[in-house]
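Below is one structure; the comments refer to it alone.
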Amino acid sequence: MLKNKSLLYGLGTGLILGAVLLQLMNAVAPSSSAASKQPAAGQAPEEMDRVRLKEVASTYFNVYDKSQKLYDQPQVDAMIAQKLKEERDKQAAQPQSAASDKETYIYVSKGMTAAQVADLLQQSGVIADKATFVDTMKQKQMNDKIISGLHVFKGAQELPQVIANLTTP
């Protein structure tokens, strides 16, 4: 350790000198962006024009125009509840026959398992519970009999109809 004593002194001195120089650079030449955002010394807010005042205020606050409407959380919640109610009323007013005539297309890739097919069917709205589908497929031993390709489901179907659609060519 005594052999490296001069190296360690030089390294320590260099670090201290570098820190001092960095502090001097920051003290002598402040950042130009920070200087431009600060109001001029002795300049009162009444003396600034509207744009300059808005720039200075935006560094510390959110600044909005008077014409822009701002909402608080209870108002937003009330508006969302109202929109949801309107959408529910719209869906209730639509005839159910249009929903029952809906066609759903599912593409089953080669090698997909019953659980993967159940995920696809549940995401598309063909079945409500994927666990029931997987259990039924396992009980009937039809997991390996799912035919790959495009399958079309018209309207609301029961689980046996869905299984028959997937397993018959």
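The values are calculated or read from the model by the stated rules, or taken from the named source; none is laboratory data. For clarity, every value in this text was computed on a predicted model and none was experimentally measured. Note that each Cβ is placed from the backbone with ideal geometry, even for glycine, and that neighbours are counted across all protein chains shown. We work out accessible area using only protein heavy atoms, side chains counted, and drop any ligands, DNA or RNA first. Shrake-Rupley method; radii C 1.70, N 1.55, O 1.52, S 1.80 Å.
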So, for the chain, what is the accessible surface per residue at a probe of 1.4 Å, expressed in square angstrom?
81 Å²
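As a test of the formula, what do you get for the chain when each DSSP H run with n ≥ 4 contributes -39,500 (n - 2.57) and the sum is divided by the residue count, at 222 nm and rounded to the nearest 500 deg cm²/dmol?
It lands at -17500 deg cm²/dmol.
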Given a 1.4 angstrom probe, I'd like the percentage of the accessible area of the chain that is carbon and sulfur, rounded to a whole number.
58 percent
Ser148 accessible area, 1.4 Å probe, all protein chains in place, Å² to nearest 10:
60 Å²
Of Ser109, Thr168, Gln91, which is farthest on the positive side of the dipole of the chain, counting Cα position, with +1 on Lys and Arg Cβ, -1 on Asp and Glu Cβ, and the Cα centre as origin?
Ser109
Unit charges on C-beta of K, R, D, E only; dipole of segment 104-169, Debye
160 debye
Taking a probe of 1.4 angstrom, what is the accessible area of Ile16 in Å², to the nearest 10?
110 Å²
Quick one: which residues, 5 or more positions from Ile127 or on another chain, have an amide H under 5 Å from its amide H? H modelled 1.01 Å from N in the peptide plane, none for Pro or chain starts.
Gln122
Provide the net charge surrounding Ala128, with neighbours chosen by a C-beta distance below 14 Å and charges set as Lys +1, Arg +1, Asp -1, Glu -1.
-3
Tyr64: accessible area at probe 1.4 Å, nearest 10 Å²?
110 Å²
Hey, what D do you get for the chain in µm²/s if you plug the Kirkwood alpha-carbon radius into Stokes-Einstein at 4 °C and 1.567 mPa s?
52 µm²/s
Roughly how many debye, to the nearest 20, is the charge dipole of the chain about its Cα centre, given +1 on each Lys and Arg Cβ, -1 on each Asp and Glu Cβ, and no other charges?
640 debye
